[in-house]
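Remarks on the structure that follows.
We did not get these values from a lab; they are worked out from the coordinates using the rules stated. Remember, predicted model here, so these are calculated numbers, not experimental data. For neighbour counting, all protein chains shown are included, and Cβ atoms are generated from backbone atoms with ideal geometry for every residue, glycine included.
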Amino acid sequence: MHPNYVALAIVAIYIIGLGVVTSIIQRSVKTANTFTTGTTGKTGVPAVLVGLMLMSEFIGTSASVGTAQEAYKLGISASWNILALAAGFIFYGFFLAAKYKRSGHNTISAVLAEVYGQKTRLATSLVMIFALEIVAVAIYAGGGTILSALLAIDRTMAIVICGVVSVLYVFMGGMKSVVYTNIVHSFAKYLGVGAALYFGLTQVGGFSQLQAKLPPEMFSWVNVGWGQIFAWFIAGVGATFSTQYVIQAINTVDDPRSAKIASFSTALFLVPFGVITALVGMCSFALFPNIKSINAFSALIAQMDGLMAGVVAAGLAASLFGSLAAFAVATATLLYKDFYAGLIVKNPTEKGSLRFIRIATIVMGLLPIVLAIYTPNVLSVTFLGKALRASLSVLVLFVFYTPTVGNKTGAFLSILASLVATIAWFIMGNPYGIDNAYVALVVPLVVMGISNPFKGAPDAQPVLASASRPASGGE
């Protein structure tokens, strides 16, 4: 396949545009706190813009490519993996958004530390970093597959270019850069998948022809199976409840009410994307029934020429940039707040803190590239990362609603046990048809339940003992 120079030019212009935005933002990033929160302490980010940003962060190439891959095999029911995320944000808005905002923290580890202590804080931070890096591997893998086909460049080179670009603009502008560039990414993503669906339906002959060419079960909303749908819900809801960059992003708003609006807005933006991407995979199956499922998206859009291919390429590049940027700043924030400040350096200077967090952003953003080359199933790897975060959501709910359940040792052991059990279950191929998301949910419940009789006198108050506690973006 020859390079599509129009598509290459559009992606290049898009990258240059990101550079311009980031260079402007960089001027206001003078401290580590501004880097991690995206605010200067005066006014927060509008709630609807945060919703767009979070939609962009959750819809990476792993969601786009993974959903199309699953829809290629099972049809429209594959969209549930994204609809589950929308449900997660609805629940988050009702039960946790205001509580996180009032807590005054912008890391999940700091919230859990108030009740379960420093060991749990460090364990939480490590699990979160590990989970986000796993998802980053899937995002790199999916993005490299698509962009290499679209731009006719080597897959590894496509991964490296996107990694360097996304890490560079986060390195310069931090959370503030992520906020505003991801808003741009949101529009680019919708434009890209919309163009892909239009092209696919046109090639098939319209929606009626798509129905005629595919088996009826491909249009069943439960074809994937109720067990898988529930597993996606557990992973999706758990991921929204306990993902570092969700807390970090939503806490950039001004008040608890705005935090709820941001959550509900994210759900609203996610739903159409899930359905559109599934339909793209179904169009690909109708046109190319004998390809590997992971190539469902790339096989379709590789047939495009000129402007349309460029639009889709820019949208998929946006998917890659947006999610990787969020992961890089989230993991760097955890490393800075939980390990560097106080643990490694007792009294860090502002200059030293900003230097550390920028270096951490580069390292954590580029680390997953090597593993991404060997990732076979994008969606399953993505949901392993979400399942690991789901285990933390159990502790989050305990902290906010029943902080007297269990004890510090139980919380610490539940994190370690859940990490080992969930990964082992995934490696064994989910025995007995039980998804690893169920393991991630049950293990902390069991461990905390066992530890409950040994908790002794309560030694911590609920994180939200008083609604009058000041709400701020940082710790």
Subject >> Amide H partners (placed H, <5 Å) of PHE288, local residues excluded >> reply: none
Subject >> Cβ-based exposure ranking for MET55, MET428, MET364, in which fewest neighbours within 10 Å come first >> reply: MET428, MET364, MET55
**OP:** Please give every one of the aspartates and glutamates within straight-line cross-link reach of LYS408, meaning a C-alpha to C-alpha distance under 16 Å, and leave out same-chain neighbours fewer than 8 residues apart.
**Re:** GLU114, ASP459
Original post:
Taking R0 as 30 Å, what's the FRET efficiency between PHE219 and TYR432 from their Cβ-Cβ distance, rounded to 0.05?
Top reply: 0.55
Subject >> Neighbour-count ranking [beta-carbon atoms within 10 angstrom, fewest first] of LEU316, LEU445 >> reply: LEU445, LEU316
Original post:
How large is ³J(HN,Hα) for each residue in the range 213-223, as worked out from phi by the Karplus curve 6.51 cos²θ - 1.76 cosθ + 1.60 (θ = phi - 60°), to whole Hz, x for Gly and Pro?
Top reply: 8, 10, x, x, 5, 5, 9, 7, 6, 10, 4
**OP:** Would you mind ranking LEU197, LEU132, LEU371 by Cβ crowding within 10 Å, fewest neighbours first?
**Re:** LEU371, LEU197, LEU132
**OP:** Over 20 Å, how big is the tail of the calculated P(r) for the range 60-131, in percent of all Cα pairs?
**Re:** 54
Subject >> For the range 388-400, 3J(HN,Hα) per residue [Karplus equation, 6.51 cos²θ - 1.76 cosθ + 1.60, θ = phi - 60°, Hz, x = Gly/Pro] >> reply: 4, 6, 4, 5, 6, 5, 4, 5, 4, 5, 4, 4, 7
Original post:
Could you give me the ³J(HN,Hα) list for the range 70-78, computed from phi with Karplus coefficients 6.51, -1.76, 1.60 and θ = phi - 60°, whole Hz, x at Gly and Pro?
Top reply: 5, 5, 4, 8, 10, x, 4, 5, 5
